[in-house]
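J.: Starting off with a structure, shown below.
The numbers here are math on the coordinates, done by the rules we state, and not lab data. Quantities reported herein were computed from a predicted structural model and do not represent experimental measurements. Virtual Cβ from ideal backbone geometry, glycine too; neighbours counted across all protein chains shown.
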Amino acid sequence: MLTGKHVVLGVTGGIAAYKACEVVSRLRKLHAEVDVIMTENATKLVAPLTFETLSNRPVCVDTFTRVESWDVKHISLAQKADVFLVAPATANLMAKLAHGIADDMLSTTLLATKAPILLAPAMNTGMWTAQATQENLQTLLARGVKTVGPASGVLACGDTGAGRMSEPVEIVEAVCQLLTAKQDLQGLKVLVTAGPTVERIDPVRYLTNDSSGKMGYAIAQAAAERGAQVTIVSGPVHIAAPQGVTVLPVQSTMDLYHTMLENAPAQDIVIQAAAPADYRVENPADQKIKKQDGENLTLTLVENPDVAKAVGQQKKPGQVLVGFAAETQQVTENAIKKLHKKNLDMIVANDVTAEGAGFGVDTNIVTLITEAGLNPQPKMTKRQVGDKILDEALRIYQEKHAAKQG
Ligand code: CTP
């Protein structure tokens with residue numbers, strides 16, 4: 001609930017402006033007060049009246065036309081904001097904010113605000129990856145500006161890639177995080193593994209799995225926002241690293257194994273959400289394998305090390321280890337076996353065949369399993385699952401440390 005909280009929403013002229021209507025509606029349902037400022041271009045995509053109706057307040061467009069007391073309005077909105085959200089945030093808006101350009105109501109108010117700023121970037125992939133945009137982004141991040149997204153997917157221009165605005169539900173969640181963020185992981189080191197691993201067959205082919213990395217990245221983001229010092233050991237994924245997080249990229253399960261044995265001992269909490277390949281090709285070819293002219297091609301696969309088990313064998317006193325169990329049948333029984341076999345403190349079990357759970361989707365349905373028993377959770381966004389896992393991991397951490405002192 002955001003009762004008494006004031007969100008100023010800047011809407012710029014990206015095609016995703018229509019999705020900002022849902023953002024306002026969701027914020028209002030949480031009882032936030034919302035003031036909308038639109039750029040002139042945004043009004044060509046969505047009528048100000050739509051936002052006025054949804055927010056129940058007049059919409060500001062620019063300093064001279066629609067707002068009578070324009071000279072104070074931008075200052076009063078800048079001061080009133082508990083959070084200043086811009087969704088969609090175009091490349092142009094980001095460039096202006098990075099360089100202090102204030103030439104309309106939105107950029108003027110943004111420059112004047114002391115409130116936390118959250119941008120939901122939305123633009124063509126080429127514009128997002130352009131060096132200028134990326135440099136502006138780094139400038140803004142370094143000043144403490146937060147971002148949500150962009151996601152990857154099919155864009156309005158027909159291109160596929162990064163640049164799609166995050167969904168309204170995720171944007172609203174990020175606003176809630178900013179407004180209610182707790183710092184209960186401050187001083188703790190948290191390492192999260194994420195994504196698939198890839199096992200080379202030859203220089204152009206590999207074996208992998210459907211893991212998107214979304215669950216691990218959501219946990220890492222939650223941990224960073226709660227004040228932890230966070231490292232992600234990540235297989236190849238298409239997700240931008242959360243702010244302030246160190247990413248150690250890996251390719252194969254053997255890479256993951258070596259990286260984890262080196263980095264896990266220094267951590268307070270280790271959460272292994274990666275889906276490492278259990279097998280690797282025994283003899284990957286140095287050259288591209290040629291077609292066999294009708295003959296079968298046989299690949300011999302050898303078992304990879306169980307990384308979580310190896311990390312479990314070197315567990316330090318006071319350290320908390322969490323694993324995942326992606327199952328398609330006998331979910332609880334299999335998960336409990338893994339909890340013991342890998343010397344974990346908690347295992348997060350999920351039935352990857354259930355709707356709204358598992359690979360690729362933004363939600364998950366999990367059961368947290370510890371020695372104390374089963375703790376089934378309702379369907380939640382991966383971010384909310386991340387917070388739940390961290391709540392529980394922190395509780396175990398505190399219990400262990402209280403026991404050590406007592
Ligand atoms: N895991 C690991 N190393 C592997 C395989 C899995 O560290 N080679 C970790 C995963 O990151 C996860 C947990 O172990 O935290 C369980 O992974 P899962 O794939 O569910 O189980 P496996 O141990 O591989 O067992 P199986 O595939 O037989 O179900």
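J.: Give, rounded to the nearest 20 debye, the magnitude of the charge dipole that the range 221-359 has about its Cα centre when Lys and Arg contribute +1 at Cβ and Asp and Glu contribute -1 at Cβ.
T.: 280
J.: Something else: Dividing the alpha-carbon Rg of the chain by 2.2 N^0.38 Å yields what? Provide the component values of the computation, followed by the final result.
T.: Details: Rg = 23.7 Å, N = 406, 2.2 N^0.38 = 21.6 Å.
Cα-based Rg divided by the globular estimate yields 1.10.
J.: With an 8 Å Cα cut-off and a minimum separation of 6 or more residues, compute the relative contact order for the chain in percent. If you can, show how the numbers build up before the last one.
T.: Working: 875 pairs, mean separation 42.4, N = 406.
Reported relative contact order: 10 percent.
J.: Give me the lysines in straight-line cross-link reach of residue 214: C-alpha distance below 20 Å, same-chain residues under 8 apart excluded.
T.: Filter leaves 146, 379, 382, 388.
J.: Further, regarding this structure: What number in nm² do you get for the range 229-361 if you take the convex hull of its Cα atoms and divide its surface by four?
T.: Details: hull surface 44.5 nm².
Value for the range 229-361: 11.1 nm².
J.: Another question, then. Please build a GNM for the chain, connecting alpha carbons under 10 Å apart, and tell me which residue among 396, 347, 269 fluctuates the most.
T.: Result: 396 has the largest fluctuation of those listed.
J.: Still on this structure, please answer the following. Which one, 244, 14, 126, has the greatest fluctuation when you compute a Gaussian network model over the chain with C-alpha springs under 10 angstrom?
T.: Looking only at 244, 14, 126, the largest GNM fluctuation is found for 126.
J.: I need the calculated FRET efficiency for the pair residue 310 and residue 290, taking r as the beta carbon distance and R₀ as 60 Å, to the nearest 0.05.
T.: Values: r = 37 Å, r/R0 = 0.62.
In this case the efficiency is close to 0.95.
J.: Between residue 398 and residue 132, what is the label-to-label distance in nm when each label sits 7 Å out along the Cα-to-Cβ direction?
T.: For residue 398 paired with residue 132, the spin-label model returns 5.0 nm.
J.: Excluding residue 99 itself, what net charge comes from residues whose Cβ is under 15 Å from its Cβ, given Lys and Arg +1 and Asp and Glu -1?
T.: Cβ neighbours under 15 Å give a net charge of -1.
J.: Two decimals, Cα atoms only, Kirkwood Rh: what is Rg/Rh over the range 313-406? All intermediate terms of the calculation are to be shown ahead of the outcome.
T.: Numbers: Rg = 13.7 Å, Rh = 13.8 Å.
Value, to two decimals: 0.99.
J.: Which of these, 138, 186, 330, has the largest mean-square fluctuation under a Gaussian network model of the chain (Cα springs below 10 Å)?
T.: 330
J.: Can you tally the net charge around residue 123? Count Lys and Arg as +1, Asp and Glu as -1, for every other residue whose Cβ sits under 11 Å from the Cβ of residue 123.
T.: 0
J.: Show that you can apply the helix-only estimate: for the chain, add -39,500 (n - 2.57) for every DSSP H stretch of four or more residues, divide by all residues, and state [θ] at 222 nm to the nearest 500.
T.: -11000 deg cm²/dmol
J.: Mind putting a number on the dipole of the range 79-235 about its Cα centre? Charges go on the C-beta only, +1 for Lys and Arg and -1 for Asp and Glu, and I need it in Debye to the nearest 20.
T.: Details: 12 positive and 13 negative charges, 74 e Å.
Dipole about the Cα centre, nearest 20: 360 debye.
J.: Let me ask another. Using unit Cβ charges (K, R positive; D, E negative) and no other charged atoms, how large, in debye to the nearest 20, is the dipole of the chain about its Cα centre?
T.: Using Cβ point charges on Lys, Arg, Asp and Glu, the chain gives about 620 debye.
J.: Counting Lys +1, Arg +1, Asp -1, Glu -1, what net charge surrounds residue 352 among other residues with beta carbon under 9 Å of its beta carbon?
T.: -3
J.: Determine, from the Cβ-Cβ distance of residue 76 and residue 333 and an R0 of 60 Å, the FRET efficiency 1/(1 + (r/R0)^6), rounded to the nearest 0.05.
T.: E between residue 76 and residue 333, to the nearest 0.05, is 0.50.
J.: Separate question: So for the chain: antiparallel DSSP bridges make up what percent, rounded to the nearest 5?
T.: The antiparallel fraction comes to roughly 30 percent.
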